[in-house]
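Taking it in order: structure first as C-alpha cells, then the write-up.
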Amino acid sequence: MSSPFALPYYPRPDFLAGVLTVLTSGLQQGVTLFAPRRQGKTSFVMNELLPAAQEAGWQAVYLDLWRLRSDPARGLVEGLEAQVFKPATGLLAQWKLSRLSGSFKPPLAEFKIEAEPDKAPAAAGSAPPLEHRLAAALDALVERADVTLLVLDEFQALAAVERDDFVAAFRTALQKHRGRLLVFYTGSSRSALNAMFRRAKAPLFQSAHALALPELGRGFVADRAAFLAQRTGIAVDLEALESAFERLGKSPEFLNWLIVDIMVRGQGDVQAAMHAWLENQRMEVFDEVLDKLSGIDLGLLLALALPGHPSCFSAEGVQCVQGFCGGEFKVTASKVQTSLNRLAKHGLVAPTGNKGEYEIEDRSLLVWLRESLANDAGPA
C-alpha cells in the first residue's frame with residue numbers, strides 16, 4: 001500500500017548519546033549494531049547519526065553493502081571511490097574516468113586517474129586489485145577531513161566474500177587511520193555478522209563495540225496515536241494500539257503501516273488495520289513463497305514461530321515439527337537439517353550463532369505465522 005502521508009521520525013536520543021560516547025571515547029574505533037530488519041536501524045542512521053556527525057564537523061559517509069549483493073567487496077570499494085571522486089562540474093563534467101590504476105607500498109597508496117571525453121569507451125581490465133583500491137580510496141577519503149565517520153549498512157554481506165585477504169586489507173586500512181576514521185557497522189543477520197567479525201585472519205571485533213538497538217515502547221505508540229489525532233482527528237484506543245505493536249514484534253515500520261491504513265480508512269479500528277496488514281503480507285509476500293515449500297518446511301516454520309521453541313534437532317524439537325506436519329511422514333533430525341538448508345536458501349531462516357539453533361529471519365513472516373497460530377490456523 002502506497003501512501004501520500006509522511007509520518008514523523010521518532011527519535012532515540014539516549015541511544016544516540018551512547019553511540020557518540022563510544023565513538024568519541026578514543027577506546028574503540030567503531031560500533032556494531034545488530035537488529036532484525038524492519039526495526040529502524042537505517043532510519044536511526046539517516047535521521048540521527050549522520051546529522052549528529054555532520055553537526056560535530058565530521059565527514060559522514062554512508063554505504064549500503066546490499067547495493068551490489070552479487071559482489072559486496074566490489075560494491076564497498078566502488079562506493080568509497082564514488083565518495084572520493086564526486087561528479088565533476090564545468091569542463092571536467094564533459095569527461096569521465098576511463099582508467100584507474102594505483103600503486104600500494106605501505107604506508108602510502110596513490111591513485112593514477114586518466115580521463116577521456118564522455119563519448120569514448122572506457123578501457124577494460126586496467127583496474128588494480130580490490131585490496132589496493134580499497135586502501136587507496138580510504139586514504140583519499142580520510143585525507144579530506146579531520147574525522148570521518150564511515151557507516152556500513154548490512155555489513156554482514158561481506159561474510160559471503162571468500163577472500164580473507166580482502167577482509168584483512170580492510171582491517172589493516174582501519175588500523176592505519178585509527179584516530180581519524182570511525183566506523184559504524186549495522187547488520188540484520190546475527191549469524192552472518194558474527195561470522196564476519198570473527199574471521200580468524202581479520203578479527204574486526206577487536207576494534208568495535210557491540211550495541212543492541214533498543215526496542216521502542218509505549219512512548220512510540222502514544223506518539224503515533226497523537227500524530228494520528230492531530231493530523232486527522234481520529235482517536236484510537238491506545239491499549240489496542242499498544243497490543244497491536246506487541247503483536248507486530250515491536251516493529252516501528254509495521255505500526256506505521258497500521259497508522260497509515262487507519263488514516264486512509266478514516267476510522268480508528270485498530271483490529272481492522274491489523275487484519276489488513278496480515279492480508280497484505282499474505283497476498284503480496286507469502287502466498288508465492290509458501291506455495292513452493294514442502295509440508296516439513298511449513299511445519300518447521302510454524303515450530304520456529306513458537307516463542308521459546310526448543311532446539312530444532314532435539315527430540316522435543318523434532319516432535320514439535322512432527323506435530324505440525326501430522327502423520328503424512330516421519331520427521332527426523334536429518335530431514336529437519338535438509339529443510340533448514342532449503343529455508344535458508346529462501347532467506348526465511350538463519351542460524352542464531354548458538355550451535356544448532358535457528359530463527360525466522362524475516363520479521364514480517366514471523367509475525368504472520370504467530371498470528372496464524374493464535375487463530376488456530378496454519379498457513380493456507
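Numbers for the structure displayed
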| read-out | value |
| --- | --- |
| Unit charges on C-beta of K, R, D, E only; dipole of the stretch 218-288, Debye | 260 debye |
| Cα gyration tensor shape for the stretch 1-62, rounded if a/c is under 1.5, else prolate or oblate | prolate |
| Sequence of 279, 359 once ranked by neighbouring C-beta atoms within 10 Å, starting from the fewest | 279, 359 |
| Residues 185, 10 arranged by fewest to most Cβ contacts within 10 Å | 10, 185 |
| Full-stretch length increase - residue 20, residue 235 - with 0.36 nm per residue and alpha-carbon distance subtracted | 73.7 nm |
| Cβ-Cβ FRET estimate between residue 215 and residue 311, R0 fixed at 35 Å, reported to 0.05 | 0.90 |
| By average C-beta atoms within 10 angstrom, highest first, the peptides 335-342, 54-61 | 335-342, 54-61 |
| Greater than 29 Å apart at Cα, pairs in 41/345; 41/292; 41/355; 176/345 | 41/292; 176/345 |
| Relative compactness, the stretch 208-358, computed as alpha-carbon Rg over 2.2 N^0.38 Å | 1.30 |
| Total charge dipole magnitude, the stretch 292-374, about the Cα centre, Cβ charges on Lys, Arg, Asp, Glu only, Debye to nearest 20 | 220 debye |
| Listed peptides 238-246, 37-45 by packing density, highest first (mean Cβ within 10 Å) | 37-45, 238-246 |
| Label-point separation in nm, residue 292 to residue 165, each point 7 Å along Cα→Cβ | 3.6 nm |
| Proxy reagent accessibility, fewest Cβ within 10 Å first, across 373, 27, 141 | 27, 373, 141 |
| Three-way shape label, the stretch 292-374, alpha-carbon gyration tensor, a/c 1.5 | rounded |
| Euclidean distance of C-alpha centroids, the stretch 241-311 and the stretch 340-361, integer Å | 20 Å |
| Cα gyration tensor shape of the stretch 276-320, rounded if a/c is under 1.5, else prolate or oblate by comparing a/b with b/c | oblate |
| Calculated from backbone phi, Karplus (6.51, -1.76, 1.60) coupling profile of the stretch 247-262 in Hz, x at Gly/Pro | 5, 8, x, 6, 8, x, 4, 5, 5, 4, 4, 4, 4, 5, 4, 5 |
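No value in this document is a laboratory result; all are computed from the given coordinates. Computed from a predicted model, the values in this text were never measured in an experiment. Glycine also receives a Cβ, built like all others from the backbone with ideal geometry; neighbour counts cover every protein chain displayed.
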